[in-house]
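Accompanying notes for the structure given below.
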Amino acid sequence: MNSDESRPVPVITLKPRHALPFFKRHPWVFAGAIRSVQGDPQPGDEVALHTHEGEFIARGLFNPHSQIRVRLFSWNQAEPLDRAFWKTRLQSAFQLREALFRRTGTPARHSDLEDHTHEAGKSARPTEATAYRLVNSEADGLSGLTVDRYDRWLSVQFTSLAIAIRQEVLIELLVELAQPAGIVLKTEKGLREAEGMEITDGLLWGDPPPRPLTVVEHGLKWEVDLTEGQKTGGYLDQRDNRRALAQYIHGHRVLDVFCYAGGFGLGALVWGGASEVVAIDSSESALQLAQRNAELNGVADRWRSIRSDGFKALETLRDAGEQFDTVVLDPPKLTRTRSALPQALRAYHSLNRLAVSVLKPGGILVTCSCSGLVTRDDFEQMLADVAIQSGRDLRIIEVRGAAPDHPVSPFCPENEYLKCYVCHVT
Ligand code: SAH
């Protein structure tokens, strides 16, 4: 890092005709857009981005090991990326979540505090949740930092080297602003290599989280495992989609494919009054987590799980003539690269086609994609093809995305990844 504050900030100069996206505040400067680097910046150092004519565009952080050579943070030349800067950004991120959520145990603003049966979105009070995303990288002006709160613990992901290098100051600020019991680090596969980071997952500060840790979401209790669990511990982005489904499925037999900790299926039973859930996942530990969550919420008698590949399980159910009133498809990311996109779209197609084949006429299909590279247009076209080829009619009744604690930056559309479509299929 630039230890000597008086040292001039190194300058990254763009090639001609490459500046427009950065004036429009896109935060990622790829190596191919850069003409020259002046001043010998070290990995993680602060740099200034200039046009080829020497005009200032933005301040950012440099990483010679990543294809994203510079991540931009401030378009104000007079604003250094120092402790005060990080604090302001974190405070702004926290303010949004404070407006969105009411953690269990905090005073009620309305008399219907304990009423969990109201329909999502109809209440004027903040959502009851003890697990939510506090910092969502680019969308909170903090490219490379993701922080999820799970009750009194924070699960942090550094997705850029420059942010990882600043972990001491960031952890200090998180402790000051969020007052957690502990902070753990969890790094997504492949990121260490992409960013050239040498970081070790585990406890960064405070007490280790209990295993399991119980969190609450719209009145539902979940056990999560911050140490061994997937993602940062759970899939918080689907919170409101799980809740939204409830209004359509009273008495339904529900198939929850790619269930992880049981999110959609448990919501269907507890909020929606579904009659039975068959939950499928290829991971034994996910199914165990889901089973415990079914017990915790008193619906284990209506919970059945099958450990299997999602595609294979759907084929087997179809061949056995099984029919469901609702099918939920929430597969993992099916592509990370543009070149694998056609293959991923074919996989979504066959998955959805299989789902429709086990869906009763008049049933509900909830179909999701967390692949950022798959656009809403691609996804809707896929659904149209599935309907035609299945000889069924399909109407989209809700187009949904990630919950509001996962805001999207209009400057960085790549930041939006989750699509969740609720469809009526006849
Ligand atoms: N619906 C969940 C999140 C699902 S995440 C929720 O609301 O919380 C995707 C899940 O797919 C993970 O649990 C993962 O274990 C599972 N998975 C990945 N590949 C799979 C496959 N081929 N077949 C079945 N499950 C798979």
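The values are calculated or read from the model by the stated rules, or taken from the named source; none is laboratory data. A quick note: this is a predicted structure, and the numbers were derived from the prediction, not measured. Reconstructed Cβ throughout: ideal geometry from the backbone, glycine too, with neighbour counts over all protein chains shown.
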Inset, instruction - Please work out if Gln230 is in contact (Cβ under 8 Å) with a residue 12 or more places away in the chain, surrounded by fewer than 23 Cβ atoms within 10 Å (Cβ to Cβ), outside the structural domain of Gly401 (by TED's automatic domain parsing) and of a type outside the set (Val, Ile, Thr). - result: yes
Inset, instruction - Return a yes/no flag: does the stretch 300-320 have any residue that is of a type in the set (Phe, Trp, Tyr), touching a Ser or Thr at 6+ places or on another chain (Cβ under 8 Å) and either surrounded by fewer than 16 Cβ atoms within 10 Å (Cβ to Cβ) or assigned by TED's automatic domain parsing to the domain that holds Ser390 (or both). - result: yes
Inset, instruction - Kindly indicate whether Arg35 is modelled with pLDDT of 95 or more, over 17 Å from Ala139 (Cα atoms) and either in the same structural domain as Ala131 (by TED's automatic domain parsing) or surrounded by fewer than 12 Cβ atoms within 10 Å (Cβ to Cβ) (or both). - result: no
Inset, instruction - Evaluate the following for Leu61: is it surrounded by 18 or more Cβ atoms within 10 Å (Cβ to Cβ), touching a helix residue (DSSP H, G or I) at 6+ places or on another chain (Cβ under 6 Å), farther than 28 Å from Leu20 by Cβ and modelled with pLDDT of 95 or more? - result: no
Legend entry - Check on Leu345, without any contact (Cβ under 8 Å) to a residue 40 or more places away in the chain, in the same structural domain as His250 (by TED's automatic domain parsing) and surrounded by fewer than 19 Cβ atoms within 10 Å (Cβ to Cβ): no
Inset, instruction - Would you point out the residue of the stretch 162-189, among those that are free of Cβ contacts under 8 Å to residues at least 12 places away in the same chain and part of a loop (DSSP other than H, G, I, E, B), that is surrounded by the most Cβ atoms within 10 Å (Cβ to Cβ)? - result: Gln179
Inset, instruction - Would you list the strands (runs of 3 or more DSSP E) that sit entirely within the stretch 213-309 and hold 2 or more residues that are modelled with pLDDT under 95 and either near the ligand (Cβ under 9 Å from one of its atoms) or in contact with a strand residue (DSSP E or B) (Cβ under 6 Å, 6 or more places away or on another chain) (or both)? - result: 213-217, 220-224
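Listed residues Glu46, Glu79; which is acidic (Asp, Glu) and without any contact (Cβ under 8 Å) to a residue 24 or more places away in the chain?
The match here is Glu79.
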Legend entry - Set Phe94, Phe23: member being out of contact with any Lys or Arg (no Cβ under 9 Å at 6 or more places or on another chain) and in the same structural domain as Leu177 (by TED's automatic domain parsing): Phe94
Inset, instruction - Could you grab me the full set of residues in the stretch 407-423 that are surrounded by fewer than 16 Cβ atoms within 10 Å (Cβ to Cβ) and over 17 Å from Val374 (Cβ atoms)? - result: Pro410
Inset, instruction - Determine whether the stretch 273-283 contains at least one residue that is in contact with an Asp or Glu (Cβ under 7 Å, 6 or more places away or on another chain), under 21 Å from Pro361 (Cβ atoms) and without any contact (Cβ under 8 Å) to a residue 40 or more places away in the chain. - result: yes
Legend entry - Residue that is of a type outside the set (Asp, Glu), farther than 26 Å from Gly190 by Cβ, crowded, with 16+ Cβ neighbours inside 10 Å and in contact with a strand residue (DSSP E or B) (Cβ under 6 Å, 6 or more places away or on another chain), where the choices are Leu49, Leu72: Leu49
Inset, instruction - Quick one: count up the residues across the stretch 310-320 that are within 14 Å of the ligand (Cβ to nearest atom) and either of a type in the set (Asp, Glu) or touching a Phe, Trp or Tyr at 6+ places or on another chain (Cβ under 9 Å) (or both). - result: 3
Legend entry - Residue match in the stretch 62-72 (condition: free of Cβ contacts under 8 Å to residues at least 12 places away in the same chain, closer than 30 Å to Ala131 by Cβ and under 30 Å from the mean Cα position of the chain (by Cα)): no
Inset, instruction - Can you run down the residue pairs with Cβ atoms below 7 Å, 6 or more apart or on separate chains, where the first is in the stretch 321-336 and within 30 Å of Leu191 (Cβ to Cβ) and the partner is away from the ligand (no atom under 13 Å from the Cβ) and in a loop (DSSP other than H, G, I, E, B)? - result: Thr335/Leu373
